[in-house]
1. How charged is the neighbourhood of Arg122? Take every other residue with its Cβ under 14 Å from the Cβ of Arg122, and add Lys/Arg as +1 and Asp/Glu as -1.
2. In Å, what Rg and Dmax follow from the Cα atoms of the chain?
3. For Ser234 and Leu125, FRET efficiency with R0 = 25 Å and r from the beta-carbon atoms, rounded to 0.05?
4. Counting only residues 5 or more places away or on other chains, whose amide H sits under 5 Å from the amide H of Ser234 once H atoms are built in the peptide plane?
5. Give me the dipole magnitude in Debye, nearest 20, for the chain about the Cα centre, with unit charges on the beta carbon: positive for Lys and Arg, negative for Asp and Glu.
6. Within region 125-149, list the residues whose amide N lies under 19 Å from a label point set 7 Å along Cα→Cβ of Arg115.
7. Any idea what angle helix 79-91 forms with the longest principal axis of the chain, computed on alpha-carbon atoms, 0 to 90 degrees, nearest 10?
8. So the label point goes 7 Å from the Cα of Thr107 along Cα→C-beta, right? Which residues of region 42-71 then have their backbone N under 13 Å from it?
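Bear in mind that the values in this text are calculations on the coordinates, not laboratory data. Every value quoted in this text rests on a predicted model; they were computed, and no experiment measured them. Neighbour counts run over all protein chains shown; Cβ positions are idealised from the backbone, glycine included.
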Amino acid sequence: MLVRPTSDVSVLPDGIDLRQGALEDERLPLESVETVVYCASMGFGHTPPLLRQLQAAGVKRGLFVSTTAIFTSLPAASRTPRIEAEAAVQDSTLDWTILRPTMIYGTARDRNISRLLRFLARWPLFPVCGNALWQPIYVEDLADAVVAALDNPTTVGRTYNLAGAYPLRFAELVRTAARTLAQRVILVRVPVSAAVLAARVSRVATPEQVRRLAEDKAFDYAEATRDFGFRPRSFAEGVRLEARALGL
């Protein structure tokens, strides 16, 4: 596993081969490496130069975790480098696979559902901007998918969208999370334009992030089920597990 010199490795299990470096490095410690699982963001331009190093080092297999955010219709700054990164992977000599998860949740370190749960545990009112379809994926389902796809030769040269069991409207997602906490919640509808203005003023979120709230994020994962048995859990089940992990 590649870790920065400043990384906190205490959260990792014992027995892992740790190699120090950063994606910006011109020479990474790739000796004797045959397979790479790339979990960092593909939106910062690191992937094309990394691929050159992987190919020069003789790495044979590569699984790259991208994101369904590449399908956004918004003018997101990160969309172009992500698309270019995927294209570079597909043009490489590696036996590659690309997985595109939706929003990932399931631990205290996720920046979305954990915040939602903590908010609902304290406040009875919740603002709803738009009512788009959401289909977040539980982190352990994604981890299982990475292992299953990596070990299956059928996935070589393929891209897969990965999501939760089924999509649900954002309002229902919030209600489901509230029911998990046995909390009553009152949803307050907020126009997208007003939410964008509030984001600009408060800087709590970017206008792009607010607009993404109102954009449908539902994806078919039938090909992943067919090729490597991907069967994700529902949001109701996943959010229960996260609430328990958070002590809520």
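1. Numbers: positive: Arg115, Arg118, Arg184; negative: none.
Net local charge, Arg122 excluded: +3.
2. In order Rg, Dmax, the Cα atoms of the chain give 19.4, 57 Å.
3. Details: r = 26 Å, r/R0 = 1.04.
Using R0 = 25 Å, I get an efficiency of 0.45.
4. Ala165
5. Charge dipole, the chain, about its Cα centre: 1360 debye, nearest 20.
6. 125-139
7. Tilt relative to the chain: about 30 degrees.
8. From region 42-71, the list is empty.
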